[in-house]
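Taking it in order: structure first as structure tokens, then the write-up.
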Amino acid sequence: MTFQHPTPQPGGPQNAFGLGTPAGPGLPPQRRRPWLKYGAIALLSLFIGVGIGTSNGSAETAKGATEAKAAPRPTVTVTETAAAADPESAPTVTKTTSAKPKKTQESGPATTFSGEGEYLVGDDIKAGTYKTSGPEEEFGCYWERAKDASGEFGSIIANNNLEGPGRVTLNNGEYFKTNRCQEWKKVG
């Protein structure tokens with residue numbers, strides 16, 4: 001009894017027992033574990049995202065906000081040279097003063113507002129007479145005074161479509177809605 005090696009058959013390499021090269025459980029090697037590659041990418045992305053998020057965390061922001069509040073007021077230094085017969089030997093006088101902060105606008109309802117939006121008179125804007133230069137675009141400027149913010153037809157007190165400049169008087173507690181208008185400014 002002699003043992004002969006079988007001749008290779010078409011369709012792939014064979015080993016001594018006539019079987020093809022093992023390729024695993026029915027899948028080519030490059031497709032066995034795609035979840036491993038994508039899982040590793042997702043995990044790496046997660047770590048990078050967490051790192052970025054913690055580097056801009058609230059502890060840094062709170063620290064910066066505290067430092068900003070505790071910062072000293074700005075100072076102005078003025079250096080003058082006193083007039084003398086010999087300019088090179090004149091003494092230098094330095095005067096340091098604290099800069100006064102600019103006056104801020106009073107808080108409370110606005111007296112100027114955008115021509116797009118809905119405002120509560122007395123809360124968002126002050127009561128009074130306002131004017132606009134007219135529509136912001138070619139489609140006209142719409143304004144509406146209402147009893148409430150329901151949007152119902154019955155809540156409308158007055159409204160108008162402007163093709164040019166216009167005025168409206170607003171009372172406390174009313175809602176004022178404006179669309180496609182230029183800025184409104186209080187005039188009375």
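None of the figures in this text is laboratory data; all of them are computed from the coordinates on show. Since the structure is predicted, the reported quantities are computational estimates derived from the model, not experimental observations. Positions of Cβ are backbone-derived with ideal geometry, glycine not excepted, and every protein chain shown enters the neighbour counts.
See the values below:
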item	result
Footprinting exposure proxy for Lys147, Lys177, Lys37 (fewest neighbouring C-beta atoms within 10 Å first)	Lys37, Lys147, Lys177
Ordering of 158-170, 132-144, 38-50 by packing [mean C-beta count within 10 Å, highest first]	132-144, 158-170, 38-50
Calculated FRET efficiency for the pair Lys185/Lys100, C-beta based, R₀ 41 Å, to 0.05	0.90
Electrostatic dipole magnitude of the stretch 114-186 [Cβ: Lys, Arg +1; Asp, Glu -1; Cα centre; debye, to 20]	400 debye
Cα-derived Rg to Rh of the stretch 114-186, Kirkwood definition	0.94
Sorted by Cβ density within 10 Å, fewest first, the residues Val121, Val93	Val93, Val121
